[in-house]
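See below for the structure under consideration.
Each value in this text was obtained by applying a stated rule to the coordinates, not by laboratory testing. Remember, predicted model here, so these are calculated numbers, not experimental data. Virtual Cβ from ideal backbone geometry, glycine too; neighbours counted across all protein chains shown.
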Amino acid sequence: MKAVRSPILRIGQLLLGVVLILSAPILAPLPGPAGIFLFAGGMVLVLRNSRWARLKWARLKRRWPRTGHFVDRMMRRQSAMRRHERAKAAKAPLPRPV
């Protein structure tokens, strides 16, 4: 059962995610991977709090499945983990009856 979050909290997290995504290119020229982590964190927040963004993300993943799968795994998204577990279970051999 999912906990219901406050709309104010969701909007705040969505805005923080957008700010992180927009600040990533600013920090990208600096040495180190700070821009990548900011962008990934912003994507996680936006995808968790925006239905529109989830629909757009699903369309992008259908168009470029390998890239979408890789990004989902790197962001540790729960949907990616469930798909991975289902695929692993489907490939596992069935136990032999004794």
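Once label points are set 7 Å from the Cα along Cα→Cβ at both Ile26 and Arg83, what is their separation, rounded to one decimal in nm?
Distance between label points: 3.3 nm.
What order, most packed first, do the peptides 23-29, 63-69, 43-49, 86-92 have when packing is the mean number of other Cβ atoms within 10 Å of each residue?
43-49, 23-29, 63-69, 86-92
Separation between the Ala90 and Arg59 pseudo-spin-labels, each 7 Å from Cα along Cα→Cβ, expressed in nm?
2.5 nm
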